[in-house]
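Visitor: Below are the structure tokens for one structure; questions will follow.
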Amino acid sequence: MRASFRCGLAACLALGVHGAASGQSLLSTGGLGLPSDGVDAWARGMGSLGTGLILPSLLPGEPTGALDLVFVPSVTFTMEPSWGTFSDGGSEGELRGNRFGMIGGAYPLGLRSTISLSLSSVFDQRWQVQEESTSNLGGRAVPTTDIFESDGGVAAVRVGYARRFSPSLGIGATVGLYTGSVTRTLERTFEEAGGATPITPFRSSGKWRYGGPLASVGAAWDPVAGVRIAASIHWSGTLKANATDDFDVADADFDIPIEFKVGGSALLRDGLVVSLGFSTADWGGIAADLQTPASVGRVVSFGGGVEYRLGRFLGGPFPLRAGFRHRDLPFGFGGAEATENSLATGVRLTLLEAQSIPLATFDIGFEYGTRDSGLLTEDFRRLSVTVRVSGG
Amino acid sequence: MSGSQFTERLALTLLLVAGLGACTETVPTASNGDLIPIDPLTFEVLLPWAEFGTSIQVIGGFGAPSELSGGVLAESFQGVLDVRTLINFGFFPTLIVVEDSLGITRPGEELTFPGGELTLFFDTIESTNTGPVTVVAEAITGAWDPRTATWVLASDSLGQSVPWPIPGGGPTRPIGTGVFDKSVGDTVKITIDSLTVASWADSLTNVGGLLLRVQESGERLRLNQVLFLTNARATINPDTMTQEVVLVRDITSIFQPDPAAPGTDLRVGGAPSWRTVFSLDLPDVVMPPPEVCAIIQCPVELTPERLNQAELVLTTRPSEAGFQPSDTLRLDTRAVLAHEQLPKSPLGPSLSFSLGVPMPPEFFSGGGGQAAVVPLTPFIINLMEADPEGEPPPTSVALLALFEPNGLSFASFVGLGGVGEPVLRLVLTVSEAVKLP
């Protein structure tokens, strides 16, 4: 078992690093990019926002998720390949990306407390714009192609602590730091030289490293057996984007708003769980930090779904999930407001369990959804895969 | 579940996830240019010579006609130019392998050379004739030095000048003629008599060699290659004759008149070759065209990041009669690494393409007046990126023929002080720094 745990941890690290960059939506072009919702395949499969799930989980966006992960250490990672199409009013194209969702681990401290460590994506900033134009060079109209590329994103590393104070009440808290980087490059290429040599492309680049504090606190309350209600507050200090020494570009600061989350789950009867969640944050304060005008304000997300255990498969329980989720996105396309709606389904394969405690699980969630923002419409399919291995 | 089953399932799971991780990615690409947060502006600036050049000179004497690949024949080309090619053969065979009277194959060393055949290969593009022309082969009767021979002098070395008895390689003795007709082929064959071959084969008497000239006036031929096959016979079997290749030892072209000094013109090429060498001192700022200054703040600082293209624009002139190119000239551009050592300064690697900058022959005939562009982008970027406290980069550039010398003809350009003097063409892009949203 100990060997399996180490093996899983190594695989998590290797795969997590591999998939750290992605580009899954043109909504990454707006503001700080496309926000990650910080959930795993289990939550995604039943439309949950991650708050108030009835079973233990290790979610970067949920400080009380690690409650009850008290028997053995756990590691988990999530990957999210997605694909789809977009139309931005001027062109159509394909979306295909593979996002590293999160990687994390939890370690029990006695039978009531758990500490956790996680690294997760916060904003996806991978996108590019291509524009054809001409430049007047001595009376000749020389065709040019401008490609502006943004590559990178904001991530967060968090340390968490969750403690159960009574059979019905537990609290959790995380502190962390923003990390990650983004490189933005404009390259202008010239199609026809007309001279003795081709015209060298023009490049202008900047690279910034992200930093800044963040923290969250939350509480989970089980008023009756089989019912959990949880709430959490997510605070963020100023997100600082510091230009690296290699580039003569300006630093920038962004005020990230406080986010409130509330959610709950209920075990209606044996094997049937329902879940609901709601979150909100007011992004209006960041408008002054953005050099590109954008319509930003309060955003709301909600979702819900069901999980039903069909029976047993591969020697473990085999739940089937379905749900719906709605997200207002803080940054839209070309400054417009943006929303995301999706239908989801998912399953869990339990690879190993001991005394009804799952020790190795493999969750798969599949979403079909749309995003709308001004002239931009996107259809996307997203596969979420979460592997969790526990052992000691 | 057994441990091995679990390990197997976990491995399969990780393999599946790894497969997902390896999925190809497509960066979402929008076409809406408004999403680009900066708006660069590209424009062209023409700097007159006074704003970037500090010195320019034409230096001749690089190489010699004997270093040409092949030779040139001309008779009153463009009414003025006569050119003859002189060849000395060496390395006649000293033995051949034949069967003796007993039928045994063995080397025969006492050889006679009963005649031979000369095959001349001409460049059909560079040669100017459109119809058949007669190529005349004559035996040179006097000694000559391939490195210093000119139309007037048979040799000019060791401080001693020896003129030809008759200018132009004379006196000579006729050998034979052949006809070069492009419509038939690119070769001319001329039979060489035994007496001539024997004199060439005898190292004591071989002081002259072969002179080739064209008989018809108004043509200039470019000789690419000479193949001489001599007949050979050994005394051990005089009935058997073989053909052996005799290599060319020396070849050069002598011509009259010598081209005039370039004067104020710039000149590149010829044999011996001319080079045009100039130095640059770039301004810190440049003034874009007025329509650009209506958009951005002028003047604009000249930085390597902004420079997309730098070209020296020369205006062509008709080259001197007789020396106008009949095929494309290729110009090379190289940094002068030690300007103070000119004309013997070492040069840097080529700044041009591997085949140089092609200049069509019509650039240098008729009225000239064509714009000839010479690439300087990497050189100027290197100049601008130089560390002020480090080794100063070369500031001078040499324009020269790609293969030097490559022919008697040369390229001519308008020099300083007149309409069409050299200008520096810069393509610049100005943009604000990339920023975050």
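Computed from the coordinates by the stated procedures, all read-outs in this text should not be read as laboratory data. No experiment lies behind these values; they were computed from the predicted model shown. Virtual Cβ from ideal backbone geometry, glycine too; neighbours counted across all protein chains shown.
Visitor: Given a Förster distance of 30 angstrom, what is the FRET efficiency for B:GLU362 paired with B:ALA261, based on the Cβ-Cβ distance and rounded to 0.05?
Guide: After rounding to 0.05, the efficiency reads 0.75.
Visitor: Right, here's the next one. Among B:SER183, A:SER342, A:SER205, A:SER279, which comes first, second and so on when ranked by fewest other beta-carbon atoms within 10 Å?
Guide: Neighbour counts put them in this order, fewest first: B:SER183, A:SER205, A:SER342, A:SER279.
Visitor: Mind checking the angle between helix A:2-18 and chain A's longest principal axis? C-alpha axes, 0 to 90 degrees, to the nearest 10.
Guide: Compared with the principal axis, the helix lies near 20 degrees.
Visitor: Would you mind calculating the gained length between A:LEU177 and A:ILE147 on full extension (0.36 nm times residue separation, minus the Cα-Cα distance), in nm to one decimal?
Guide: Separation in residues times 0.36 nm, less the Cα-Cα distance, equals 7.6 nm.
Visitor: Follow-up. Under a plain spin-label model, where a point goes 7 Å from the Cα along Cα-to-Cβ, how far apart in nm are A:LEU109 and A:PHE165?
Guide: Label-label distance for A:LEU109 and A:PHE165, simple model: 1.6 nm.
Visitor: Can you tell me how segment B:255-394 classifies by the Cα gyration tensor, rounded, prolate or oblate, using a/c under 1.5 as the rounded cut?
Guide: Cα axes put segment B:255-394 in the oblate bin.
Visitor: I've got another one for you. Assuming 1.306 mPa s and 10 °C, estimate D for the protein assembly as shown with Stokes-Einstein, Rh taken as the Kirkwood radius over Cα pairs, in µm²/s.
Guide: 47 µm²/s
Visitor: What relative contact order, as a whole-number percentage, does segment B:218-334 give when Cα pairs under 8 Å and 6 or more residues apart are counted?
Guide: 14 percent
Visitor: Related question: Under 1.5 on a/c is rounded, so check that first for segment B:112-268, then, if it is not, pick prolate when a/b is larger than b/c and oblate when it is not; a ≥ b ≥ c are the square roots of the alpha carbon gyration tensor eigenvalues.
Guide: oblate
Visitor: For the charge dipole of segment A:17-107, defined by +1 on Lys and Arg C-beta atoms and -1 on Asp and Glu C-beta atoms about the Cα centroid, which residue among A:GLY93, A:LEU34, A:GLY105 has the Cα displaced farthest towards the positive pole?
Guide: Checked the options; the winner is A:GLY105.
Visitor: So for chain A, averaging the separation of alpha carbon pairs under 8 Å that are six or more residues apart and normalising by length, what relative contact order in percent results?
Guide: 19 percent
Visitor: I've got another one for you. With an 8 Å Cα cut-off and a minimum separation of 6 or more residues, compute the relative contact order for segment B:265-399 in percent.
Guide: 32 percent.
Visitor: Can I ask one more? Please state the charge dipole magnitude for segment B:96-198, taken about the Cα centre, from unit charges on C-beta atoms (+1 on K and R, -1 on D and E), reported in debye and rounded to the nearest 20.
Guide: Roughly 260 debye for segment B:96-198.
Visitor: Ignore the peptide's own chain and count Cβ atoms of other chains within 10 Å of each Cβ in A:83-95; give me the average, rounded.
Guide: For peptide A:83-95, the averaged partner shielding equals 3.
Visitor: In debye, nearest 20, what is the charge dipole magnitude of segment B:233-367 about its Cα centre with +1 on Lys and Arg Cβ and -1 on Asp and Glu Cβ, if you could check?
Guide: Its charge dipole is roughly 340 debye.
Visitor: Continuing with the same structure: Given the Cα-Cα distance of B:CYS298 and B:LYS189 and 0.36 nm per residue of separation, how much length would full extension add, in nm?
Guide: The span from B:CYS298 to B:LYS189 would gain 32.4 nm if fully extended.
Visitor: A:ALA266 versus B:THR119, label points 7 Å from Cα toward the beta carbon: distance in nm?
Guide: 10.3 nm
Visitor: Build a GNM of chain A with springs between Cα atoms under 10 Å: which of A:SER135, A:SER113, A:SER181 gets the top mean-square fluctuation?
Guide: Ranking A:SER135, A:SER113, A:SER181 by mean-square fluctuation puts A:SER135 first.
Visitor: From the residues B:GLY103, B:ILE190, B:LEU153, which one has its Cα farthest along the dipole of segment B:65-195 in the positive direction, the dipole being from +1 and -1 charges on Cβ of Lys/Arg and Asp/Glu about the Cα centre?
Guide: The residue sitting farthest along the positive end of the dipole is B:LEU153.
Visitor: Dipole magnitude of segment A:58-189 about its Cα centre, charges +1 at Lys/Arg Cβ and -1 at Asp/Glu Cβ only, in debye to the nearest 20?
Guide: 760 debye
Visitor: Which one, A:TRP127, A:LEU177, A:PRO167, is farthest towards the positive end of the dipole of segment A:126-193 when Lys and Arg carry +1 and Asp and Glu -1 on their Cβ?
Guide: A:PRO167
Visitor: In whole angstrom, how far apart do the alpha carbon centroids of segment A:168-187 and segment B:400-419 sit?
Guide: Going from one Cα centre to the other spans 65 Å.
Visitor: A follow-up question, please. Give me the distance between the Cα centres of segment A:117-167 and segment B:202-265, rounded to whole Å.
Guide: Distance between centres, Cα-based: 72 Å.
Visitor: What distance in nm lies between label points placed 7 Å from Cα along the C-beta direction at B:VAL285 and B:GLU389?
Guide: 2.7 nm
Visitor: So which residue, out of A:ALA43, A:ALA141, A:ALA230, gets the largest mean-square fluctuation from a GNM of chain A using Cα contacts under 10 Å as springs?
Guide: Comparing A:ALA43, A:ALA141, A:ALA230 in the GNM, the peak value goes to A:ALA141.
Visitor: Under the rule a/c < 1.5 gives rounded, and otherwise a/b versus b/c splits prolate from oblate, where does chain B land using the Cα gyration tensor?
Guide: oblate
Visitor: For chain A, with a Gaussian network of springs between Cα atoms less than 10 Å apart, report the residue from A:GLY218, A:GLY332, A:GLY90 with the top mean-square fluctuation.
Guide: A:GLY90
Visitor: Further, regarding this structure: Sum -39500 (n - 2.57) across every DSSP H segment of at least 4 residues in chain A, then divide by the residue count to get the 222 nm mean residue ellipticity, nearest 500.
Guide: -1500 deg cm²/dmol
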